[in-house]
1. Restrict the check to segment 42-52 and report whether at least one residue is among the β-branched types (Val, Ile, Thr) and at pLDDT 90 or above.
2. I need every pair where a residue in segment 71-99 that is of a type in the set (D, E, K, R) and modelled with pLDDT under 80 has its Cβ under 6 Å from the Cβ of a residue that is surrounded by 11 or more Cβ atoms within 10 Å (Cβ to Cβ) and not in a helix (DSSP H, G or I), sequence separation at least 6 or different chains.
Amino acid sequence: MSGQRVTSNPHQTLNLLNARKEQLQEELRTVEKQLYDLETTYLHDSSQCGNVLKGFEGFLSSMKGSGNLKRPRKFQPEDRLFSLSSVTSPVVSLFIACN
């Protein structure tokens with residue numbers, strides 16, 4: 001609790017710590033939601049040409065002048081590498097429930 005005054009009253013200290021815990025949990029939920037949204041955008045936008053998870057074969061084939069753009073590939077829950085890296089992410093519990 002840097003920057004905050006610690007009281008000698010254990011009950012008050014516990015209340016302060018619980019309030020801080022709630023604040024940090026809310027910040028974590030916000031960051032995980034942002035991560036999920038950005039990850040969704042990345043996976044959707046890069047589905048035709050490729051991405052760091054699936055490779056860039058789509059990009060290479062589009063460079064050969066085929067003119068045909070493939071349908072965007074649907075991404076799977078296991079493609080969410082970043083969301084699945086957090087044990088507190090709601091995506092993890094959904095992924096475990098599906099498997």
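1. Going residue by residue through segment 42-52, those that are among the β-branched types (Val, Ile, Thr) are 52.
Next, only the ones that are at pLDDT 90 or above stay: none.
Among the residues of segment 42-52, not one is among the β-branched types (Val, Ile, Thr) and at pLDDT 90 or above, which makes the answer no.
2. Short answer, once both residue conditions are applied: Arg73/Ser47.
The values are calculated or read from the model by the stated rules, or taken from the named source; none is laboratory data. Owing to the predicted nature of the structure, the values given are computational and were not obtained by experimental measurement. Backbone-built Cβ (ideal geometry, glycine too); neighbour counts: all protein chains shown.
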